Amino acid sequence: MGAAPSIRSIIHVDMDAFYASVEQRDRPELRGRPVIVGADPRGRGVVSAASYEARTFGVHSAMPIGKAARLCPQAVFLPVDMDKYARVSGEIMAVLSEYSPLLEPISVDEAFLDVTGTERLLGPPLEVAKAIKARLCQEVHLTASAGVAPNKFLAKLASDLRKPDGLVEVEPGDEAAFLRDLPVERLWGVGRVTARDLRAMGIETIGQLARVPVGVLVKRFGKWGTLLHELAHGRDDRPVEAFAQPKSMGAEETFAEDTRDGEELRRTLLAQAERVARELRAEGYAGRTVTLKLRFADFHTITRSLTGEATQDGLEIFRRAFGLFERVERVQPVRLIGLSVSSLVRGEPGQLSLFSAAPARRDRVARAADRVARRFGDRALFPASLLEHSKPR
Amino acid sequence: MDVQLERDAFSKGLQMVQNIVEPRQTLPILANVLLETEGDTLRVTATDLAVGACVSVPAKVASAGAITLSARKLGEIVKELPAAPLSLKVQENAWVVLRCGGVSYKLVGLPPEDFPAVVPTAGPAWIPLEGKALKEMLTRTAFAMSHDESRYALNGVLFSLQSGRLRVVATDGHRLALASRPLPNGGGAATGIVPRKAVQEVVRVLGVGEDVQVALVENQFVLRMPNFLLVARLIEGQFPNYEQVVPKGHPCRLVVSRSALAAALRRVSVLSEERTKPVKVLLSPGSLKLTAQNPELGEAEESLPVDYSGEELAIGFNSRYVLDALGAIEADEVVAELKDALSPGIIRSLEGEEYFCVIMPMRI
């Protein structure tokens with residue numbers, strides 16, 4: 001293998017207000033109006049996406065939906081139609097994949113592309129980004145913002161800078177100038193806490209941070225200090241990984257009202273286990289660790305986990321999660337319950353089992369159910385014990 | 001309390017129980033061992049609430065009493081002491097003075113009253129056994145215990161007493177090892193799952209010479225020897241119906257040299273994937289071929305002669321499981337019985353039904 005070129009060309013493509021834009025695209029009467037996609041506005045979930053019209057009222061994603069409803073009562077509130085967004089996402093990724101095999105989707109609506117060395121074939125990276133934006137506009141009828149830079153960190157920052165419909169390039173050598181006046185919160189991984197700590201050191205901008213000797217940062221932040229230093233100088237070696245292996249798969253739900261109802265909690269957990277198991281099978285993974293998450297009325301949140309044999313069986317995942325659940329002392333009502341499966345391994349377990357009487361048969365049933373779900377939707381076939389839960393909304 | 005002890009005897013006694021003390025405890029006193037006088041002995045007790053053990057060490061008791069001391073520190077101290085008479089004297093406020101030869105320690109103790117008692121719940125029906133035999137039964141099965149914390153019932157060894165036989169069974173859901181032996185005076189039926197830690201401790205303390213007595217009472221496993229007692233809380237839960245999965249009358253029966261098969265498995269599995277170590281077995285009249293492949297490393301193949309005259313059969317196994325089973329058998333020749341690529345196989349020595357291992361194949 002030859003040496004990798006020292007300067008890479010990475011494009012980060014991020015769809016603008018994705019869920020809300022898809023709804024506005026499909027329903028012309030919503031265009032120009034504030035649209036908020038997320039939980040029931042009378043309930044207690046959060047905003048998943050807000051159109052730019054809604055954002056002028058101060059609404060943003062991850063905000064409690066009730067607050068959004070107060071800020072922007074005239075908005076059109078829509079539920080999350082994940083099936084539709086996933087479909088549109090597929091169309092978007094198909095367009096992107098024509099420009100580079102090194103495509104790393106990081107969610108339904110954003111992806112990194114490594115176009116290093118494709119200049120003679122496709123033109124300069126900035127032109128590639130323009131072409132991608134134009135094609136998404138023509139073919140998917142949605143606008144995207146793009147960032148072009150020598151690494152992932154800068155490309156993502158750049159795409160975020162002139163949203164919506166933005167295009168920003170950071171050329172090699174311009175990293176310092178680009179970062180200099182940006183607030184430290186823009187750095188990957190810097191949240192409120194680190195920002196506060198930095199501010200206490202008199203550091204507000206990335207330029208100021210870049211001038212702090214790395215030793216000082218390491219002393220204050222440990223290993224993370226080295227990374228901060230690298231990022232402040234615009235350095236990031238992470239490759240674009242076309243087949244990035246997921247770390248975990250999970251599901252969680254916030255209840256409309258805090259609950260002490262053990263039966264409701266149990267059923268929710270079972271539904272989540274079935275959903276996660278289906279996702280695992282669809283992606284060809286099995287997981288060894290099951291983690292239960294509970295958030296109580298006072299927002300106190302706990303997680304408990306258990307590691308065993310790799311599984312992609314919904315009932316087994318449920319059995320482990322419920323075992324953990326039963327051992328948690330629940331003094332308060334529960335606000336949120338969720339589970340996730342991690343320590344993922346590829347493929348079905350090859351080792352056969354002595355005791356589960358018909359593991360192969362259970363597996364075949366699960367796969368048949370998966371096929372039914374693919375054709376007729378998730379609500380077509382599910383464990384009978386969830387019947388009561390499945391009343392049409 | 002004021003006692004005199006032989007350093008060697010005390011050290012040996014401590015070693016018999018101190019492994020039970022967990023490195024991290026829920027109660028501070030569980031980091032300690034209880035020392036109490038009893039007649040002309042000093043009794044040393046350790047417990048983690050699930051497993052507890054006591055050992056009696058000969059002592060000259062000048063004044064009776066009891067105290068608890070850090071198990072780890074006491075162990076470290078006694079290990080380094082010269083071979084000389086050793087004295088332990090409890091003073092006010094749970095201070096303990098330990099003297100041996102020219103060295104003396106003043107140690108912080110904790111009062112004995114808070115130390116959880118280690119006693120069998122009821123007058124048990126004792127089963128007498130040779131220590132050597134019990135140790136062998138346990139080492140030949142314990143490797144098959146599960147490490148999967150989500151399957152508590154498999155994190156131990158099943159003791160089953162039935163129709164005059166003692167059976168010891170362990171399984172992790174992939175393979176199962178069973179050792180059995182007749183009991184001299186038959187009698188009684190009892191069963192219980194003894195937790196991993198107790199199994200390990202029993203194997204560790206059992207020597208070759210002594211006779212032991214074991215009992216399963218209520219929710220406890222109890223083992224006693226002269227001067228030693230171990231009490232373990234049985235694992236609650238249902239041990240799987242193991243008898244149902246033991247193959248009977250499999251058509252493909254082969255006889256092979258134990259050491260030759262083990263050596264070939266070790267050689268071939270070098271190239272197997274590391275986690276499950278799969279090896280493919282191809283059986284044909286007179287020959288057994290082992291193959292392993294790894295997309296990144298290559299392939300390995302070895303054939304060895306076997307006494308087999310049945311039909312051809314291809315089956316995959318986790319080679320570690322087969323090696324564990326072979327390691328637990330002493331005979332030179334082993335018998336394996338197989339049916340097809342999806343049914344469990346069984347391995348035992350050519351003579352005797354007292355030990356066997358059932359292994360579920362892998363899909364390869």
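Quick note: the coordinates plus some simple rules give every number you see, no bench work behind them. Keep in mind that this is a model prediction, so the values were computed, not measured. Quick reminder, even Gly has a Cβ in these numbers, built from the backbone with ideal geometry, and neighbours come from all protein chains shown.
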Next on the checklist: Show me the ranking of peptides A:224-236, A:318-330, B:133-145 by mean Cβ neighbours inside 10 Å, starting with the highest.
Outcome noted: B:133-145, A:224-236, A:318-330
Checklist entry - Rounded to the nearest 20 Debye, what is the dipole magnitude of the range B:1-149 about its Cα centre when Lys and Arg each give +1 and Asp and Glu each give -1 at the C-beta? => result 420
Item to check | Rough spin-label spacing in nm, given labels placed 7 Å along Cα→Cβ, for residue A:283 and residue A:216 | outcome: 4.1
Next on the checklist: Please give the Cα centre distance for the range B:221-292 versus the range A:282-355, rounded to the nearest Å.
Outcome noted: 30
Item to check | Rounded tilt (10° steps) of A:314-326 against the dominant C-alpha axis of chain A | outcome: 90
Checklist entry - Which of the aspartates and glutamates could a cross-linker span from residue B:79 if the Cα-Cα distance has to be under 16 Å and same-chain partners fewer than 8 positions apart are dropped? => result B:6, B:8
Item to check | C-alpha center-to-center spacing [the range A:206-236, the range A:140-193] in angstrom | outcome: 19
Item to check | Residue-wise HN-Hα coupling along the range B:218-230, computed from phi with Karplus coefficients 6.51, -1.76, 1.60 (Hz; x: Gly, Pro) | outcome: 6, 10, 10, 10, 10, 10, 9, 10, x, 6, 9, 9, 10
Item to check | Amide H contacts under 5 Å for residue A:46, placed H, 5+ residues apart | outcome: A:39, A:65
Checklist entry - Structure shown: which of A:130/A:163; B:60/B:132; B:60/B:106 lie over 25 Å apart, alpha-carbon to alpha-carbon? => result B:60/B:132
Checklist entry - Relative to the longest principal axis of chain B, what angle (0 to 90°, nearest 10) does the C-alpha long axis of helix B:131-142 take? => result 50
Checklist entry - What does the highest-first list of A:294-304, B:283-293 look like by mean Cβ count within 10 Å? => result B:283-293, A:294-304
Checklist entry - Between their Cα atoms, which of B:73/B:197; A:133/A:247; A:84/A:133; B:12/B:73 are more than 25 Å away from each other? => result A:133/A:247
Checklist entry - At what distance in angstrom do the alpha carbon centres of the range B:334-364 and the range B:33-78 lie from each other? => result 47
Next on the checklist: Taking the alpha-carbon distance from residue B:339 and a cut-off under 14 Å, which aspartates and glutamates remain once sequence neighbours fewer than 8 residues away in the same chain are dropped?
Outcome noted: B:311, B:312
Item to check | Two-site label geometry, residue B:294 and residue A:375: point separation in nm, points 7 Å out along Cα→Cβ | outcome: 4.3
Checklist entry - Calculated FRET efficiency, residue A:40 and residue B:238, Cβ-Cβ r, R0 35 Å, to nearest 0.05? => result 0.20
Checklist entry - If you line up the long axis of helix A:223-232 against the longest principal axis of chain A, both from Cα atoms, how many degrees apart are they, to the nearest 10? => result 50
Checklist entry - Under a 5 Å amide H to amide H cut-off, with H placed in plane at 1.01 Å, what residues pair with residue A:151 once short-range neighbours are removed? => result A:10
Checklist entry - When the helix-only estimate is applied to the protein assembly as shown (DSSP H runs of n ≥ 4, each -39,500 (n - 2.57), divided by the residue count), what is the mean residue ellipticity at 222 nm, nearest 500 deg cm²/dmol? => result -8500 deg cm²/dmol
Item to check | Listed residue (B:41, B:96, B:78) projecting farthest to the positive dipole end of the range B:1-133, Cβ model | outcome: B:78
